[in-house]
1. Which condition from (1) at pLDDT below 80; (2) loosely packed, with under 14 Cβ neighbours inside 10 Å; (3) assigned to a helix (DSSP H, G or I) is the one that residue 81 breaks?
2. Enumerate the strands (runs of 3 or more DSSP E) found wholly within the stretch 227-338, keeping only those where 2 or more residues are in contact with a helix residue (DSSP H, G or I) (Cβ under 7 Å, 6 or more places away or on another chain), surrounded by fewer than 19 Cβ atoms within 10 Å (Cβ to Cβ) and modelled with pLDDT under 85.
3. When the stretch 231-251 is examined, which residues are found to be closer than 24 Å to residue 287 by Cβ and out of contact with any strand residue (DSSP E or B) (no Cβ under 6 Å at 6 or more places or on another chain)?
4. Testing residue 20 on (1) modelled with pLDDT of 70 or more; (2) touching a helix residue (DSSP H, G or I) at 6+ places or on another chain (Cβ under 9 Å), one condition comes back false. Which one is that?
5. Report yes if some residue within the stretch 62-70 is at pLDDT below 75, farther than 19 Å from residue 125 by Cβ and either surrounded by 13 or more Cβ atoms within 10 Å (Cβ to Cβ) or assigned by TED's automatic domain parsing to the domain that holds residue 132 (or both); otherwise report no.
6. Does at least one position in the stretch 197-217 carry a residue that is more than 20 Å from residue 295 (Cα to Cα), modelled with pLDDT of 80 or more, in contact with a helix residue (DSSP H, G or I) (Cβ under 7 Å, 6 or more places away or on another chain) and not in a helix (DSSP H, G or I)?
7. What are the residue pairs meeting all of these: first residue in the stretch 123-138, first residue in contact (Cβ under 8 Å) with a residue 60 or more places away in the chain, second residue buried (at least 22 other Cβ atoms within 10 Å of the Cβ) and outside any helix (DSSP H, G or I), Cβ atoms under 8 Å, and 6 or more apart or on different chains?
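The values are calculated or read from the model by the stated rules, or taken from the named source; none is laboratory data. All of these numbers come straight from a predicted model, not from anything done at the bench. Cβ placement follows ideal geometry from the backbone for every residue including glycine, while neighbour counts extend to all protein chains displayed.
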């Protein structure tokens, strides 16, 4: 890997370049810088070796200087411009370093006239310095672009997760709100089943608390919830509500967001007349890769007040879990909601 990141104290990310890249590139520059002398047939091998060592040591030092001059121990990215103070410092230091290296090699190997070619070495050093600086600058930009991408994805995931948790938390208050309205109506008309309704409501609400933290549940468990809810409805409406099931066996292993069907049945009751004289028929059946809940339209003359979150809540949960919307179809006679079937689910 060309570059990597380490974690230091405070969980700060640290940019670094592989030591293998640094040493091999320095060695390559050392060999490349000696090509002009290689082309001179009368040049000795020892002179080539000494000449290459100047370029090698220079490249090695410039690599590490530029790396450690980066804002390594900060997540802030302040090296967006190529031409900046760090480049000036690197060039000035490179000029001084090349002068020291050439002088040192001249003292150690006095038979070679290195100082007479000081301008050539300085020009070579500036080119190597610019090459290393440019390569490192591109790596550093790529590194921070990747960090920004990771942070952005994490923020998006956290935001989506928070939105979905909020959607789940809306379900139980919505159910309780409508159930208490039902209980209020039963008490007002003196329904003899009001006491039983309170007991069953308590049991059912405890069941909702057990499942509210789940992202999805099996369709069979959701049908159990729906049947329990239907018992509460029967306590008030008796035969004024009829729920018919016709679900394909291939959907037995599918999943569904919890309380989806219960919310849809609530939605049917809220907007339609439900009475013994005019029973409300609700059909739940399979249609290809969708689960359909359908009722005939017999709208109330005076609509009930609504907080307007039922269908939208279900739609948003399906978008989060499956990336698909529910389909709502309404005509003069029927109201239909199609739910995509979830066969597999990976929690994201």
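1. It is condition (3) that residue 81 fails.
2. none
3. Selection gives 249, 250.
4. Of everything listed in (1) modelled with pLDDT of 70 or more; (2) touching a helix residue (DSSP H, G or I) at 6+ places or on another chain (Cβ under 9 Å), residue 20 misses just condition (2).
5. yes
6. Yes: the stretch 197-217 contains one or more residues that are more than 20 Å from residue 295 (Cα to Cα), modelled with pLDDT of 80 or more, in contact with a helix residue (DSSP H, G or I) (Cβ under 7 Å, 6 or more places away or on another chain) and not in a helix (DSSP H, G or I).
7. Taking only residues 6 or more apart or on different chains, the pairs are 136/17.
Conditions (1) within 54 Å of the chain's Cα centre (by Cα); (2) modelled with pLDDT of 80 or more; (3) farther than 29 Å from residue 85 by Cβ, marked per residue:
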position: 98; (1), (2), (3): yes, yes, no
position: 104; (1), (2), (3): no, no, no
position: 113; (1), (2), (3): no, no, yes
position: 120; (1), (2), (3): yes, no, no
position: 125; (1), (2), (3): yes, yes, no
position: 132; (1), (2), (3): yes, yes, no
position: 146; (1), (2), (3): yes, yes, no
position: 157; (1), (2), (3): yes, no, yes
